[in-house]
Amino acid sequence: MGITLDPHRMPQHIAIIMDGNGRWATQRGLPRTMGHKEGYKTVNEIVRACGELKIKALTLYTFSTENWNRPKEEIKVIMQLIEMAARAELQTLLENNVRLRVSGRFSGLPESLQEALKTDIEATKNNTGLILNLAINYGGRQEILDAVKEACRQVRDGRIAPEDITEDYFSNLLYTAGLPDPDLLIRTANELRVSNYLLWQIAYAEIWVTPTLWPDFRREDLIQAIADYQKRIRKFGGVV
Ligand code: FPP
């Protein structure tokens, strides 16, 4: 039986920790990099599904600041995969009215990847459908530090008084400026960790964890996650 979602209670912003690519490959006796390649297929399916479900924003944890500690070869394959995807998918992004954004320390990425991403960001900037936000070279603590540094500069330059720095003001100094906070955080491969992901933004996010590995994650799993989210009562620290 298909699951029916309530169109009036859709999460506006879904954030995903795409975990388990390595395990998926290892279980099959394949190199870990094959898991990332398979994971890219899932990205394709889930981006399309979010567009069709009229989700406003989807943030994917594509490469964390901690991922630089992985073997060089694996890092290279992930970077190449993102760059290849950025070049290959531009037409699809345009056809589907998807707007691409990137969250993370952009200047730390390989030059050619920066170029490919910039091209897509520029070409899709007027699209009004799904915002696909790739967290690349992303760390939540680093993001908060970058925002604090910017706030300090603005205070130093007399552009804002310390007492006027509100939550809204601070949110707009983060890489995710302008995006609503995620309502739903999905993590695959059964890990019960936040892993330095969107630390400020997930303050009230509903968390949904599945044992399914990212390469096996399908549209039906996404729908299940949203259905579970819709059953929850969000209290935001209050009583209902
Ligand atoms: C986590 O699995 C996955 C990553 C760190 C990389 C995710 C990247 C992609 C799916 C590449 C394509 C993405 C785009 C947007 C083009 P893991 O390696 O930590 O798995 P493990 O925990 O089983 O080792």
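Just a few scattered comments:
- Pairwise Cα distances in the chain exceed 33 Å in 18 percent of cases.
- Counting 0.36 nm for each residue step from CYS152 to ILE121 and taking away their Cα separation leaves a gain of 8.3 nm.
- Solvent-accessible area per residue, Å², over region 94-187 with all protein chains present [probe radius 1.4 Å]: 51
- Radius of gyration and Dmax over the Cα atoms of region 112-222, both given in Å: 17.0, 52
- Think of each Lys and Arg Cβ as +1 and each Asp and Glu Cβ as -1; about the Cα centre, that makes the dipole of the chain roughly 300 debye.
- Region 151-167 and region 57-75 have Cα centres lying 32 Å from one another.
- Gyration tensor verdict on region 120-165 (Cα atoms; rounded if a/c is under 1.5, prolate if a/b is larger than b/c, oblate otherwise): prolate
- Carbon and sulfur %, accessible surface of the chain computed with the full protein complex present, 1.4 Å: 53
- A Gaussian network model of the chain, with springs between Cα atoms under 10 Å, assigns the largest mean-square fluctuation among GLN154, GLN12, GLN230 to GLN154.
- DSSP-loop trypsin sites (Lys or Arg not before Pro) across region 109-195, with at most 15 other Cβ within 10 angstrom: LYS125, ARG159, ARG193
- Most fluctuating residue given options ASN133, ASN69, ASN21, as computed from a GNM of the chain linking Cα atoms under 10 Å: ASN69
- Computed helical MRE - 222 nm, the chain, DSSP H runs ≥ 4 contributing -39500 (n - 2.57), nearest 500: -13000 deg cm²/dmol
- For the listed residue pairs LYS41/LYS118; LYS54/LYS76; LYS56/LYS235; LYS37/LYS125, the alpha carbons are over 31 angstrom apart in LYS54/LYS76.
The values are calculated or read from the model by the stated rules, or taken from the named source; none is laboratory data. Just so we're clear, the structure is a prediction, and the values are computed from it rather than from any experiment. Neighbour counts run over all protein chains shown; Cβ positions are idealised from the backbone, glycine included. Only protein heavy atoms, including side chains, enter the accessible area calculation; ligands, DNA and RNA are left aside. Shrake-Rupley method; radii C 1.70, N 1.55, O 1.52, S 1.80 Å.
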